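Every number here is computed from the coordinates shown, using simple stated rules; none is lab data. Note that this is a predicted model, so its numbers are computed, not measured. Cβ sites come from the backbone with ideal geometry, for glycine too, and all protein chains shown count toward neighbours.
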Amino acid sequence: MGNQPQSKIIEDNPIGNGLDAFRASFNSICEGASISCTPDALDQLGQEDLQNLVLVLVSTLQILPASRLLRSNSGRTLFSELSRLNTAITSDDFNLDRIQPLLRSALASKPDDTLIWKLVYDAVTESTPPPRLTASSLQQTPWLRNTSSFANSSEHRKYVDGVLKEELGPMYVGLPNFHDTYFGGVADLQTASQAFFEQCLEGNDPRFEGGWKGWPKDANQEDVLSWFADFSEKLAAFADVHKSIPTHRHRRRPLAKPNKPIDGSVGKRKLDVGFVNDPQAGKDSRCHWSQILVPGELKSNPSADKASEAWLDLGRYAREVLAAQDTRRFVLGFTICGSLMRVWVFDRLGGVASDQFNINDDGLQFVSTVLGFLWMNEEELGFDPTIMSANQERFIEVNRNGSTERIIIDQVMQRARCIAGRATTCWKAHPERQPEVLLVVKDSWQYPERDEEGDLLREATNRGVVNQYSAWSGYQESCELPPGAPNAAEQYRIWRIKGRAQQYQHQQEAVI
């Protein structure tokens, strides 16, 4: 740490308020445990809370610019070393006490940047395993039980829920700047939302006056569903008039059918409310999970806004959406418990959510959220932009031998039915204008340090193995914040989702 280049990097890239998100998470955990929010509280936290806190700190540190510039003794960036530390933290034999000095330093009222980065170096040096000798020394697929392992006969809710809880792990809520991050790029959203809300305030019988007109006082599910569907339809009609690309061009409408199973799931699954890609969808329409763009969960009791109730229910819906839509990278959704709303994102690391807000107190936020769901484009909703469509064909473009080739996707062969994990998908495919050449395209999420599969495929290709066709999309999703993001560190979880999940990188291969 003492040489000039590292000192200069730290000086030129101050942490500033880059740890605010970590401190906010610490305060939230302490308040939940009813203990004082001081560094001494670390000694009173349970192992699970402490582990979660360390994971948040590691994620936050990775977003800081200095983490990509500073290098460890191994030559890797601290960003890479922190990814390894992240994996080590979740193991049973990791001693969290080793990170206590770093935690206390990060929580100090006047943090010392040099000390913090020194303690980061100490943490990653102590936890980094020796380099592997052979490609087989590290398993490509971690031993993780998730819901993709179920046989069809085990898809009953009572079997799924327990494993789904384990798969999702801790779900983080109350993330700052969530709405700006996911809805901030939707063109004209703020202007149109403001215009609609102002209309709701006008007249002798305004639609909004100290709350929404007609909102069921007891938040009865059936009444709320009816109210929500009517509200969404009125908002969609208004939006069609005020949008250069009308809502119907996006082919979506609200759907409310809590008592009718949605087609396409192995076990019977019902959805309270959501948005579908069918402009003709009505109360009696039959829908498939492949049509659900934004799932929602309604609860009449505000106290149901917790992991064991509304959050898990929405996670169950997100699993069905990801399973049915083979190009979906993540799923946006929402919960409304009483009149308290959250917006959610489920990706291959689990689920995170916005702050809770009362739709009858913050009417404009509610309008902006619903209109955002109606106006978002497919990429903003979580669809993979590298899988394209033209002339009623789906295809990907890959680089092979220095040139770009187009591979036509024929059909899905296999897709893992899970939320968190590698989520491997295989398609039957063929090279463009060569339908007689059968290929299998594999798409999966991969730990950065578990790169043996790709190395083996490349080696086989380079050695001219017969019946081997390997090409790489050249696509690895970058972890970029949207334009105008006020503070990178405040979006440590959003950053994780907007790019491919931080522990994974995108891998596409085409092989016979």
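Solvent-free Debye calculation, one equal scatterer per alpha-carbon of the stretch 152-380: log10 I(q)/I(0) at 0.14, 0.15 Å⁻¹ equals -0.87, -1.01. Spherically averaged projected area of the convex hull of Cα atoms, the stretch 183-245: 5.2 nm².
Spin-label pair Thr114-Asp455: with each label point 7 Å from Cα along the Cα-Cβ axis, the two points sit 3.8 nm from one another. Given R₀ = 25 Å, what would the calculated FRET efficiency be for Asp240 paired with Glu202, taking r from the Cβ atoms and rounding to 0.05? Plugging the Cβ-Cβ distance into 1/(1 + (r/R0)^6) gives 0.80. Between the beta carbons of Ser300 and Glu233, assuming R0 = 25 Å, the FRET efficiency works out to 0.65 to the nearest 0.05. Full extension of the segment from Asp410 to Lys165, taken as 0.36 nm per residue of separation minus the current Cα-Cα distance, would add 84.8 nm. For Leu201, neighbours were defined as the other residues whose beta-carbon sits under 15 Å from its Cβ, and their charges (Lys and Arg +1, Asp and Glu -1) total -3. Here each label is just a point 7 Å from Cα along the line to Cβ, and for Thr90 and Lys260 those points are 3.9 nm apart. Oblate is the label for the stretch 4-129, because the ratio a/c of its alpha-carbon gyration tensor axes (a ≥ b ≥ c) is 1.5 or higher and a/b is not greater than b/c. Other residues lying with their Cβ under 11 Å from the Cβ of Leu69 contribute a combined charge of +2, Lys and Arg counting +1, Asp and Glu -1.
If you take the Cα centroid of the stretch 389-416 and the Cα centroid of the stretch 1-50, the two points sit 44 Å apart.
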